[in-house]
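Data first, discussion second: the structure below is written as C-alpha coordinates.
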Amino acid sequence: MNIASFFKASIQTVNKENFKRQHPSPYLYLTIRNGFYHLYTSQEPSFALAEAWLKKINGAEWGLIEPLDNNQFFFMFVGKGDIIKAYVGGFEQLDSILLARCKVLYTVDSNQRASMLTSSQHQALLKYHVEPLSPLTPSELAPFALKKRKKIPIKTIALMVMVTSIGIAGSYAYRGVTKPEPLPPPVDPYLAYRTAVNQSLLAPEILHHALSLGAIGSGLPYGWQFKTVSLQGDTINLTAERTPDGQRTVIMSWLKQYPQLLPYSQVSLESLSMTIPLLQTLQKWHDKIMPIEPSLSSVIDTQVALGWQMTDLTTDNGLVSITSRWTATKETALSELVSFHQMVSQLPVTITQLDITPSGTVGYFNIQIRFALMGQK
(Lines give C-alpha, C1' and ligand atoms only; values in the text may rest on other atoms or scores of the structure.)
Protein backbone atom coordinates (compact mmCIF):
# COMPACT_ATOMS: atom_id res chain seq x y z
CA MET A 1 0.00 0.00 0.00
CA ASN A 2 1.23 3.47 -0.83
CA ILE A 3 1.24 5.49 2.43
CA ALA A 4 0.52 9.20 2.22
CA SER A 5 2.86 11.60 4.04
CA PHE A 6 1.33 13.33 7.06
CA PHE A 7 1.92 17.00 7.91
CA LYS A 8 0.44 19.00 10.76
CA ALA A 9 0.51 22.75 11.39
CA SER A 10 -1.33 25.25 13.55
CA ILE A 11 -3.95 27.35 11.79
CA GLN A 12 -2.57 30.32 13.73
CA THR A 13 0.87 30.11 12.13
CA VAL A 14 0.21 29.22 8.50
CA ASN A 15 -2.35 29.99 5.80
CA LYS A 16 -4.21 26.97 4.42
CA GLU A 17 -3.36 27.59 0.77
CA ASN A 18 0.25 28.36 1.60
CA PHE A 19 0.42 25.17 3.65
CA LYS A 20 -0.74 23.13 0.64
CA ARG A 21 1.69 24.93 -1.68
CA GLN A 22 4.56 24.20 0.69
CA HIS A 23 3.86 20.48 0.29
CA PRO A 24 3.18 20.08 -3.45
CA SER A 25 1.95 16.72 -4.68
CA PRO A 26 -0.51 15.36 -7.25
CA TYR A 27 -2.82 13.97 -4.54
CA LEU A 28 -3.83 15.43 -1.19
CA TYR A 29 -6.33 15.23 1.66
CA LEU A 30 -6.78 18.14 4.10
CA THR A 31 -8.90 18.39 7.22
CA ILE A 32 -8.99 20.86 10.11
CA ARG A 33 -9.35 19.64 13.68
CA ASN A 34 -8.69 21.20 17.11
CA GLY A 35 -6.96 24.25 15.65
CA PHE A 36 -4.58 22.29 13.38
CA TYR A 37 -4.38 21.47 9.69
CA HIS A 38 -3.96 17.74 9.04
CA LEU A 39 -2.56 17.34 5.52
CA TYR A 40 -1.87 14.07 3.67
CA THR A 41 0.07 14.12 0.38
CA SER A 42 1.13 11.47 -2.13
CA GLN A 43 2.64 11.11 -5.56
CA GLU A 44 0.19 8.29 -6.31
CA PRO A 45 -3.45 7.54 -5.46
CA SER A 46 -3.58 6.84 -1.75
CA PHE A 47 -5.61 7.18 1.46
CA ALA A 48 -5.40 9.29 4.61
CA LEU A 49 -4.63 6.16 6.60
CA ALA A 50 -4.35 7.83 10.00
CA GLU A 51 -7.76 9.49 9.56
CA ALA A 52 -9.34 6.13 8.73
CA TRP A 53 -7.87 4.51 11.85
CA LEU A 54 -8.91 7.50 13.97
CA LYS A 55 -12.51 7.03 12.86
CA LYS A 56 -12.44 3.28 13.53
CA ILE A 57 -10.77 3.27 16.95
CA ASN A 58 -12.33 4.90 19.98
CA GLY A 59 -9.99 6.15 22.68
CA ALA A 60 -8.13 9.22 23.84
CA GLU A 61 -4.58 7.84 24.23
CA TRP A 62 -3.48 5.03 21.92
CA GLY A 63 -0.93 3.99 19.36
CA LEU A 64 -0.88 1.73 16.33
CA ILE A 65 1.76 -0.29 14.48
CA GLU A 66 0.97 -1.65 11.02
CA PRO A 67 3.61 -3.75 9.21
CA LEU A 68 4.42 -2.70 5.63
CA ASP A 69 6.84 -4.10 3.08
CA ASN A 70 10.66 -3.86 3.20
CA ASN A 71 10.89 -4.04 7.02
CA GLN A 72 8.96 -0.80 7.37
CA PHE A 73 6.02 0.02 9.63
CA PHE A 74 3.27 2.59 9.76
CA PHE A 75 3.18 4.20 13.21
CA MET A 76 0.55 6.56 14.54
CA PHE A 77 -0.10 8.00 17.98
CA VAL A 78 -3.26 9.63 19.30
CA GLY A 79 -3.49 11.94 22.31
CA LYS A 80 -6.67 13.48 23.67
CA GLY A 81 -8.55 11.95 20.77
CA ASP A 82 -6.47 13.63 18.06
CA ILE A 83 -3.54 12.54 15.91
CA ILE A 84 -0.22 13.59 17.43
CA LYS A 85 2.10 11.88 14.97
CA ALA A 86 1.82 9.51 11.99
CA TYR A 87 4.82 8.30 10.03
CA VAL A 88 6.56 5.39 8.28
CA GLY A 89 9.86 3.98 9.51
CA GLY A 90 11.83 1.05 10.85
CA PHE A 91 10.96 -0.51 14.20
CA GLU A 92 13.88 1.31 15.83
CA GLN A 93 12.22 4.62 14.97
CA LEU A 94 9.35 4.10 17.42
CA ASP A 95 8.93 7.28 19.48
CA SER A 96 9.60 6.08 23.03
CA ILE A 97 7.78 8.92 24.81
CA LEU A 98 4.64 8.60 22.70
CA LEU A 99 4.78 4.82 23.05
CA ALA A 100 4.92 5.07 26.85
CA ARG A 101 1.82 7.29 26.86
CA CYS A 102 -0.35 4.76 25.03
CA LYS A 103 -3.05 3.20 27.16
CA VAL A 104 -3.53 0.70 24.33
CA LEU A 105 -1.11 -0.22 21.55
CA TYR A 106 -2.82 -1.77 18.53
CA THR A 107 -0.88 -4.04 16.17
CA VAL A 108 -2.40 -4.69 12.77
CA ASP A 109 -2.39 -8.44 12.18
CA SER A 110 -2.18 -9.08 8.45
CA ASN A 111 -1.64 -12.66 7.27
CA GLN A 112 0.78 -11.46 4.65
CA ARG A 113 2.83 -9.28 7.01
CA ALA A 114 2.40 -10.73 10.49
CA SER A 115 5.86 -12.28 10.32
CA MET A 116 7.48 -8.84 9.97
CA LEU A 117 7.47 -8.41 13.75
CA THR A 118 10.46 -10.41 14.95
CA SER A 119 10.56 -12.21 18.28
CA SER A 120 12.72 -9.45 19.80
CA GLN A 121 10.27 -6.81 18.58
CA HIS A 122 7.37 -8.73 20.08
CA GLN A 123 9.37 -8.96 23.31
CA ALA A 124 9.92 -5.20 23.33
CA LEU A 125 6.16 -4.62 23.19
CA LEU A 126 5.22 -7.04 25.96
CA LYS A 127 5.29 -4.36 28.68
CA TYR A 128 2.52 -2.46 26.88
CA HIS A 129 -1.18 -3.25 26.66
CA VAL A 130 -1.17 -4.66 23.12
CA GLU A 131 -4.31 -5.57 21.20
CA PRO A 132 -4.41 -7.04 17.66
CA LEU A 133 -6.50 -5.47 14.90
CA SER A 134 -7.55 -6.58 11.46
CA PRO A 135 -6.50 -4.36 8.53
CA LEU A 136 -8.88 -1.68 7.32
CA THR A 137 -11.34 -2.81 4.69
CA PRO A 138 -11.70 -1.04 1.32
CA SER A 139 -15.04 0.42 2.46
CA GLU A 140 -13.37 1.87 5.59
CA LEU A 141 -10.61 3.43 3.52
CA ALA A 142 -12.78 4.77 0.71
CA PRO A 143 -14.02 7.98 2.46
CA PHE A 144 -10.39 9.00 3.03
CA ALA A 145 -9.07 8.76 -0.51
CA LEU A 146 -6.71 11.56 -1.46
CA LYS A 147 -8.10 13.85 -4.12
CA LYS A 148 -6.24 14.75 -7.28
CA ARG A 149 -5.00 18.32 -7.14
CA LYS A 150 -6.87 20.55 -9.57
CA LYS A 151 -4.92 21.83 -12.54
CA ILE A 152 -5.08 25.43 -13.62
CA PRO A 153 -6.69 25.85 -17.10
CA ILE A 154 -4.33 26.64 -19.98
CA LYS A 155 -5.97 30.01 -20.63
CA THR A 156 -5.50 31.01 -17.02
CA ILE A 157 -1.86 29.99 -17.17
CA ALA A 158 -1.35 32.08 -20.33
CA LEU A 159 -2.94 35.10 -18.67
CA MET A 160 -0.76 34.64 -15.60
CA VAL A 161 2.37 34.44 -17.77
CA MET A 162 1.41 37.68 -19.55
CA VAL A 163 0.78 39.51 -16.29
CA THR A 164 4.02 38.17 -14.87
CA SER A 165 5.97 39.33 -17.92
CA ILE A 166 4.56 42.85 -17.59
CA GLY A 167 5.55 43.09 -13.96
CA ILE A 168 8.87 41.27 -14.12
CA ALA A 169 10.92 44.47 -14.22
CA GLY A 170 9.34 45.70 -11.04
CA SER A 171 9.83 42.37 -9.34
CA TYR A 172 13.60 42.61 -9.79
CA ALA A 173 13.57 45.86 -7.88
CA TYR A 174 11.91 44.25 -4.90
CA ARG A 175 13.32 40.74 -5.04
CA GLY A 176 15.52 41.49 -2.03
CA VAL A 177 12.55 42.75 -0.01
CA THR A 178 9.90 40.09 -0.67
CA LYS A 179 10.67 36.71 0.86
CA PRO A 180 8.67 33.53 0.46
CA GLU A 181 6.78 32.37 3.52
CA PRO A 182 8.97 29.84 5.34
CA LEU A 183 7.90 26.27 5.77
CA PRO A 184 6.12 25.72 9.09
CA PRO A 185 8.23 23.73 11.53
CA PRO A 186 7.22 20.11 11.95
CA VAL A 187 4.98 19.53 14.94
CA ASP A 188 6.89 17.59 17.59
CA PRO A 189 4.60 17.66 20.62
CA TYR A 190 7.42 16.78 23.00
CA LEU A 191 10.08 19.12 21.55
CA ALA A 192 9.64 21.69 24.34
CA TYR A 193 9.80 18.99 27.01
CA ARG A 194 12.86 17.30 25.49
CA THR A 195 14.65 20.64 25.14
CA ALA A 196 13.83 21.58 28.73
CA VAL A 197 15.14 18.37 30.30
CA ASN A 198 18.27 18.42 28.12
CA GLN A 199 19.10 21.93 29.33
CA SER A 200 17.93 21.76 32.95
CA LEU A 201 20.53 21.22 35.64
CA LEU A 202 20.33 18.10 37.79
CA ALA A 203 18.98 19.03 41.22
CA PRO A 204 20.98 16.41 43.21
CA GLU A 205 24.27 17.73 41.80
CA ILE A 206 23.31 21.30 42.76
CA LEU A 207 22.35 20.22 46.28
CA HIS A 208 25.58 18.21 46.68
CA HIS A 209 27.80 21.19 45.76
CA ALA A 210 25.65 23.58 47.84
CA LEU A 211 26.17 21.40 50.90
CA SER A 212 29.91 21.16 50.27
CA LEU A 213 30.39 24.89 49.70
CA GLY A 214 28.23 25.75 52.71
CA ALA A 215 30.43 23.54 54.89
CA ILE A 216 33.56 25.15 53.41
CA GLY A 217 32.16 28.62 54.11
CA SER A 218 31.45 27.68 57.71
CA GLY A 219 35.08 26.67 58.19
CA LEU A 220 36.80 29.75 56.81
CA PRO A 221 39.75 31.07 58.86
CA TYR A 222 39.63 34.06 61.19
CA GLY A 223 39.30 37.39 59.34
CA TRP A 224 37.26 35.99 56.43
CA GLN A 225 33.46 36.03 56.69
CA PHE A 226 31.22 33.64 54.76
CA LYS A 227 28.53 35.63 52.89
CA THR A 228 26.54 33.35 50.56
CA VAL A 229 26.31 30.27 48.38
CA SER A 230 24.20 30.90 45.29
CA LEU A 231 23.28 29.43 41.92
CA GLN A 232 24.59 31.54 39.04
CA GLY A 233 23.61 30.18 35.64
CA ASP A 234 25.34 26.83 35.23
CA THR A 235 27.69 27.34 38.20
CA ILE A 236 27.32 27.40 41.97
CA ASN A 237 29.30 30.09 43.78
CA LEU A 238 30.59 30.77 47.28
CA THR A 239 31.49 34.31 48.26
CA ALA A 240 33.28 35.49 51.40
CA GLU A 241 34.52 38.92 52.48
CA ARG A 242 37.63 40.04 54.29
CA THR A 243 36.83 41.63 57.66
CA PRO A 244 38.82 44.68 58.87
CA ASP A 245 41.31 42.44 60.63
CA GLY A 246 41.51 39.77 57.90
CA GLN A 247 44.78 38.97 56.17
CA ARG A 248 45.34 37.75 52.63
CA THR A 249 48.24 35.54 53.72
CA VAL A 250 45.92 33.73 56.11
CA ILE A 251 43.35 32.82 53.43
CA MET A 252 46.09 31.80 50.98
CA SER A 253 47.67 29.50 53.58
CA TRP A 254 44.25 28.05 54.34
CA LEU A 255 43.59 27.35 50.65
CA LYS A 256 46.90 25.51 50.32
CA GLN A 257 45.55 22.98 52.81
CA TYR A 258 42.78 22.20 50.27
CA PRO A 259 44.55 21.91 46.90
CA GLN A 260 41.35 20.51 45.30
CA LEU A 261 39.73 23.93 45.84
CA LEU A 262 42.51 25.99 44.23
CA PRO A 263 41.35 25.62 40.58
CA TYR A 264 37.92 26.98 41.55
CA SER A 265 39.06 29.79 43.87
CA GLN A 266 39.90 33.42 43.32
CA VAL A 267 41.20 35.75 46.04
CA SER A 268 41.11 39.53 45.62
CA LEU A 269 42.09 42.25 48.07
CA GLU A 270 38.62 42.26 49.62
CA SER A 271 36.98 38.90 48.87
CA LEU A 272 37.19 35.20 48.23
CA SER A 273 35.07 33.44 45.60
CA MET A 274 34.72 29.80 44.61
CA THR A 275 32.95 28.83 41.41
CA ILE A 276 32.01 25.19 40.76
CA PRO A 277 30.73 24.31 37.25
CA LEU A 278 27.57 22.20 37.09
CA LEU A 279 27.90 19.49 34.46
CA GLN A 280 24.90 17.19 34.77
CA THR A 281 21.44 17.77 33.30
CA LEU A 282 18.14 15.87 33.23
CA GLN A 283 19.07 14.33 29.87
CA LYS A 284 18.21 10.82 31.08
CA TRP A 285 14.55 11.94 30.87
CA HIS A 286 14.89 12.81 27.15
CA ASP A 287 13.08 9.65 26.03
CA LYS A 288 10.65 9.22 28.93
CA ILE A 289 8.10 11.29 30.79
CA MET A 290 6.30 10.69 34.07
CA PRO A 291 2.92 11.90 35.37
CA ILE A 292 3.47 15.04 37.42
CA GLU A 293 1.07 13.75 40.05
CA PRO A 294 1.24 12.28 42.66
CA SER A 295 4.99 13.09 42.81
CA LEU A 296 4.46 16.86 43.00
CA SER A 297 2.04 16.67 45.91
CA SER A 298 4.22 14.13 47.71
CA VAL A 299 7.37 16.28 47.48
CA ILE A 300 5.63 19.47 48.58
CA ASP A 301 3.77 17.75 51.44
CA THR A 302 7.03 16.21 52.67
CA GLN A 303 8.83 19.56 52.58
CA VAL A 304 6.00 21.23 54.49
CA ALA A 305 6.08 18.43 57.07
CA LEU A 306 9.82 19.12 57.53
CA GLY A 307 9.04 22.74 58.36
CA TRP A 308 9.80 24.41 55.04
CA GLN A 309 7.64 27.33 53.91
CA MET A 310 6.24 26.87 50.39
CA THR A 311 5.58 29.96 48.26
CA ASP A 312 5.21 31.05 44.63
CA LEU A 313 3.70 27.82 43.30
CA THR A 314 3.25 28.30 39.55
CA THR A 315 2.41 26.02 36.63
CA ASP A 316 3.40 26.31 32.96
CA ASN A 317 1.30 24.24 30.58
CA GLY A 318 2.87 23.01 27.36
CA LEU A 319 1.23 21.15 24.49
CA VAL A 320 1.49 17.79 26.25
CA SER A 321 3.74 18.48 29.26
CA ILE A 322 3.63 20.63 32.36
CA THR A 323 6.23 22.34 34.58
CA SER A 324 5.40 23.14 38.20
CA ARG A 325 7.64 25.50 40.19
CA TRP A 326 7.73 26.38 43.87
CA THR A 327 10.05 28.04 46.39
CA ALA A 328 11.07 26.39 49.67
CA THR A 329 12.41 28.64 52.46
CA LYS A 330 13.67 27.82 55.94
CA GLU A 331 16.23 28.79 58.59
CA THR A 332 17.93 25.47 59.22
CA ALA A 333 21.14 23.46 59.26
CA LEU A 334 22.86 22.51 56.02
CA SER A 335 22.25 18.84 56.75
CA GLU A 336 18.63 19.23 55.63
CA LEU A 337 19.89 19.48 52.07
CA VAL A 338 20.67 15.76 52.29
CA SER A 339 16.96 14.96 52.70
CA PHE A 340 16.17 17.10 49.65
CA HIS A 341 18.80 15.20 47.68
CA GLN A 342 17.12 11.89 48.53
CA MET A 343 13.67 13.32 47.82
CA VAL A 344 14.32 14.41 44.22
CA SER A 345 17.07 12.02 43.06
CA GLN A 346 14.63 9.84 41.04
CA LEU A 347 12.45 12.67 39.71
CA PRO A 348 12.78 15.09 36.75
CA VAL A 349 13.46 18.00 39.12
CA THR A 350 15.78 20.93 38.57
CA ILE A 351 16.67 23.94 40.71
CA THR A 352 16.47 27.40 39.15
CA GLN A 353 17.38 29.51 42.17
CA LEU A 354 19.36 28.81 45.33
CA ASP A 355 20.61 31.14 48.08
CA ILE A 356 22.28 30.15 51.35
CA THR A 357 23.32 32.84 53.84
CA PRO A 358 24.36 32.61 57.53
CA SER A 359 21.40 33.42 59.80
CA GLY A 360 23.40 34.66 62.78
CA THR A 361 22.75 31.55 64.82
CA VAL A 362 25.78 29.28 64.88
CA GLY A 363 25.30 26.35 62.51
CA TYR A 364 22.09 27.72 60.99
CA PHE A 365 21.47 29.33 57.60
CA ASN A 366 18.69 31.07 55.73
CA ILE A 367 18.10 28.75 52.76
CA GLN A 368 15.87 29.51 49.79
CA ILE A 369 15.52 27.06 46.88
CA ARG A 370 13.27 27.27 43.83
CA PHE A 371 12.43 23.87 42.37
CA ALA A 372 10.89 22.91 39.02
CA LEU A 373 9.29 19.53 38.32
CA MET A 374 8.61 18.53 34.70
CA GLY A 375 6.21 15.82 33.62
CA GLN A 376 3.02 14.80 31.89
CA LYS A 377 -0.30 16.48 32.51
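Assorted remarks:
- For TYR264 and ASN317, a Förster radius of 35 Å and the Cβ-Cβ distance give a FRET efficiency of 0.35, rounded to the nearest 0.05.
- Values of log10 I(q)/I(0) for the chain across q = 0.09, 0.11, 0.12, 0.14 Å⁻¹ run -0.75, -0.90, -0.97, -1.14, by the Debye formula with one identical scatterer at each alpha carbon and no solvent.
- Tensor-based shape of region 1-150 (alpha-carbon gyration tensor, a/c under 1.5 rounded, otherwise prolate or oblate): prolate
- Rule-of-thumb Rg ratio for region 233-377 [Cα; 2.2 N^0.38 Å; N residues]: 1.29
- Taken one residue at a time, the phi angles of region 117-125 give Karplus couplings (6.51, -1.76, 1.60, θ = phi - 60°) of 7, 6, 4, 5, 5, 4, 4, 5, 9 Hz. Gly and Pro are set to x.
- Region 13-111 - share of DSSP beta bridges that are antiparallel (%, nearest 5): 85
- Of the peptides 256-262, 272-278, 29-35, the ranking by mean beta-carbon count within 10 Å, highest at the top, reads 272-278, 29-35, 256-262.
- Take the chain with all the other protein chains still there, run a 1.4 Å probe, and you get 55 Å² of accessible area per residue.
- Tensor-based shape of region 20-92 (alpha-carbon gyration tensor, a/c under 1.5 rounded, otherwise prolate or oblate): oblate
- Accessible area of the chain belonging to carbon and sulfur atoms, whole % at 1.4 Å probe: 56
- Based on the convex hull around the alpha carbon atoms, region 313-373 presents an average projected area of 4.4 nm².
- Residues in region 263-304 reached by a label modelled at SER339 [backbone nitrogen below 20 Å; 7 Å Cα→Cβ]: 295-304
- Cα gyration tensor category, rounded, prolate or oblate, for region 272-343 with a/c compared to 1.5: oblate
- Ignoring lysines fewer than eight residues from LYS147 along the same chain, the ones with Cα atoms less than 27 angstrom from its Cα are LYS8, LYS16, LYS20, LYS55, LYS56, LYS85, LYS155.
The values are calculated or read from the model by the stated rules, or taken from the named source; none is laboratory data. Small disclaimer: the values here were computed from a predicted structure and weren't measured. So basically every Cβ, Gly included, is an ideal-geometry build from the backbone, and we count neighbours across all protein chains shown. Keep in mind that these areas ignore ligands, DNA and RNA; they rest on the heavy atoms of the full protein, side chains included. Shrake-Rupley method; radii C 1.70, N 1.55, O 1.52, S 1.80 Å.
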